[in-house]
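The structure appears right after this line, and notes come after that.
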Amino acid sequence: MKIPFRRLFTTFASPLLAGLLAASVLSAQAAQADAPHSIRIAVPDLSAGSQPSAGGVVDVLRSQQLLEQEFAKDGIHIDWRFFKGAGPVINEALANGQADFAYLGDLAAIIGKANGLDTRVLSAGVRGVKSYLAVVPGSGIHSLQDLKGKRVAVFRGTANQLSFASALASQGLSERDLKIINLDFNAANAAIAAKQIDATWGLSTLLSLRERGLVELPVNSRDLKGAGSTQAVLLGTGAFIDQHPDLVARLVTAQQKAVKWLRDENNRKAYVDLVASTANYPRVILEGDLAQENLAHYFDPRLDAEFVGLLQQGVDLAAKERLIRRGFQVSDWIEPRFLDAALQQDQAVQAAR
C-alpha cells in the first residue's frame with residue numbers, strides 16, 4: 001500500500017523537527033553553562049584615597065558602568081580586582097588563574113610574558129606617560145648625570161623600573177651607577193620628603209610634593225625626548241581568549257566607548273574631575289601632568305607600528321638590563337583582531353550616519 005507523500009513527510013518530519021529543536025535547546029543550554037559567572041579584571045591601585053583608582057580607561061569604564069551594562073543580560077558579573085602591589089602581584093594573580101584580564105604597565109606585562117605567562121596584548125591602554133625625577137631641595141642634583149653614587153628609590157618590577165632604565169640609558173647610564181632602593185610610590189614619596197634618600201623616579205604624584213616645597217623636579221621624560229615615558233596595555237589570558245572569544249570581542253568593543261570619550265578634548269575637564277575625585281589627587285596635579293598631552297594620541301588604543309615599536313624597545317632594554325632572562329618578539333605577543341573588529345564597527349557606524 002502506498003503512503004501519501006504528505007503523510008509520509010509528516011510522519012518522519014515531526015520527530016526530526018523535534019530532535020533538531022531539542023538539539024538546539026541543549027546547545028544553547030550548554031553554551032550558557034560554559035559561560036563564566038564573572039569576568040575578573042586585575043588592575044594596579046594608584047589611588048591616594050580610600051577608593052581604588054587606576055586612572056585612564058579603567059576609571060571611565062567603572063564610572064560609566066560600561067562593562068557591567070554590556071554583560072548584565074548574560075548574568076555575568078564584572079569583578080574588578082585592585083592590587084596595591086601593582087605589577088608583581090598582578091602577575092601572580094594571572095599565574096594562579098585568579099584573573100582573566102589585566103590593565104598593566106609595560107614592564108610588568110613584559111616580565112610576565114618573559115616568565116611564561118600565556119597572555120596576549122589586546123589593546124594599548126595609554127602611551128607616553130611622563131615620569132619625573134624628584135630630588136631633595138638644595139641637593140645640587142640637576143641632571144641624571146648628577147645621580148652617580150646617590151640613593152635613588154625605584155619601584156622594581158613595575159613600569160617605573162623600565163622607565164628609569166630607559167631614562168638612564170638615554171644619558172649613557174645604568175642602575176649600576178647608582179644606589180638603587182626598591183620602594184613603592186607611597187614609600188618613596190615619604191622617604192624623599194623625610195630626606196632619607198637623595199632622589200626618586202616616579203609619576204605625577206611627585207607634583208604634589210613640589211607644591212609643598214618638599215622636592216625639586218629637575219628632569220622629566222619629556223625633557224629626554226620621550227626616554228623614560230611609560231606605556232600601558234590591556235592583557236587577556238590565552239585560556240580565556242581561546243575559550244570565550246565572543247566575550248573578549250564584546251569586552252573590547254565596550255571598552256571603545258570609554259576610549260572614544262577619553263580621546264575627546266571636550267571631556268578633558270570631566271576626566272580630570274573624575275580622577276581627582278576617585279583617586280583623591282589634587283586637581284591641579286592632574287591638569288599640570290596632562291597640560292601638554294594630545295588626548296587623542298595619549299589614549300590611542302591601536303596596536304600600531306609606533307606602539308608595537310615602543311613595546312619592543314621595552315623588551316629589548318629589559319633583556320639588556322637583565323630585568324628579564326631573554327627577550328621576545330612583541331609581534332608574536334599582540335592579538336589585534338578584537339580591537340580591529342571594534343574599530344571597523346565604529347567606522348561602519350560613523351559612515352552610516
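Tell me yes or no: at least one residue of segment 98-105 is part of a helix (DSSP H, G or I), on the phi < 0 side of the Ramachandran plot and of a type outside the set (A, V, I, L, M).
no
How do the pairs read when you match residues in segment 295-322 that are free of Cβ contacts under 8 Å to residues at least 60 places away in the same chain and on the phi < 0 side of the Ramachandran plot with residues anywhere that are among the aliphatic types (A, V, I, L, M) and assigned to a helix (DSSP H, G or I), using Cβ under 6 Å and keeping only pairs 6 or more apart or on different chains?
Going by the 6 Å Cβ cut-off, the qualifying pairs are Val308/Val330; Gln312/Val330.
Return the residue satisfying two criteria in turn: it lies in segment 186-234 and is closer than 20 Å to Val129 by Cα and open to solvent by 50 Å² or more (accessible area, probe 1.4 Å), and of such residues it is modelled with the highest pLDDT.
So, considering only residues that are closer than 20 Å to Val129 by Cα and open to solvent by 50 Å² or more (accessible area, probe 1.4 Å), the one modelled with the highest pLDDT is Glu216.
For Ala72, which of the numbered conditions (1) in a helix (DSSP H, G or I); (2) open to solvent by 60 Å² or more (accessible area, probe 1.4 Å); (3) at pLDDT below 95 fails to hold?
Answer for Ala72: the failing condition is (3).
I'd like to check which helices (runs of 4 or more DSSP H) are fully inside segment 264-350 and have at least 1 residues that are among the aromatic types (Phe, Trp, Tyr).
Helices (runs of 4 or more DSSP H) meeting the threshold: 268-279, 295-298, 305-320.
Please pick out the residue among Ile39, Ile90 that is open to solvent by less than 10 Å² (accessible area, probe 1.4 Å) and in a strand (DSSP E or B).
Values: Ile90 fails: in a strand (DSSP E or B).
Only one candidate qualifies: Ile39.
Go through (1) closer than 30 Å to Ser174 by Cβ; (2) in contact (Cβ under 8 Å) with a residue 40 or more places away in the chain; (3) open to solvent by 40 Å² or more (accessible area, probe 1.4 Å) one by one and return the number of the condition Ala341 breaks.
Here Ala341 meets the rest and fails (1).
Do you know which residues across segment 259-308 are in contact with a helix residue (DSSP H, G or I) (Cβ under 9 Å, 6 or more places away or on another chain) and within 18 Å of Gln344 (Cβ to Cβ)?
Those that are in contact with a helix residue (DSSP H, G or I) (Cβ under 9 Å, 6 or more places away or on another chain) and within 18 Å of Gln344 (Cβ to Cβ): Val259, Lys260, Arg263, Asp300, Pro301, Arg302, Leu303.
Condition (residue is open to solvent by 20 Å² or more (accessible area, probe 1.4 Å), in a strand (DSSP E or B) and either in contact with a Phe, Trp or Tyr (Cβ under 9 Å, 6 or more places away or on another chain) or among the acidic types (Asp, Glu) (or both)) applied to segment 128-135: is it met by at least one residue?
Yes, that holds for at least one residue.
List the helices (runs of 4 or more DSSP H) inside segment 156-245, counting only whole elements, that have at least 2 residues being over 26 Å from the mean Cα position of the chain (by Cα). Quick ask: steps written out before the conclusion?
Details: elements: 159-170, 185-193, 206-211, 238-243.
Where helices (runs of 4 or more DSSP H) fall fully within segment 156-245 and carry at least 2 residues being over 26 Å from the mean Cα position of the chain (by Cα), they are 185-193, 206-211.
Applying the selection to segment 75-87, what residues are out of contact with any His (no Cβ under 9 Å at 6 or more places or on another chain) and either part of a helix (DSSP H, G or I) or of a type in the set (Gly, Ala, Ser) (or both)?
Across segment 75-87, the qualifying residues are Gly85, Ala86, Gly87.
The values are calculated or read from the model by the stated rules, or taken from the named source; none is laboratory data. Being a predicted model, the structure only gives us computed values, none of them experimental. Cβ atoms come from the backbone with ideal geometry, glycine included; neighbour counts cover every protein chain shown. The area values use the complete protein model at the heavy-atom level, side chains included, leaving out ligands, DNA and RNA. Shrake-Rupley method; radii C 1.70, N 1.55, O 1.52, S 1.80 Å.
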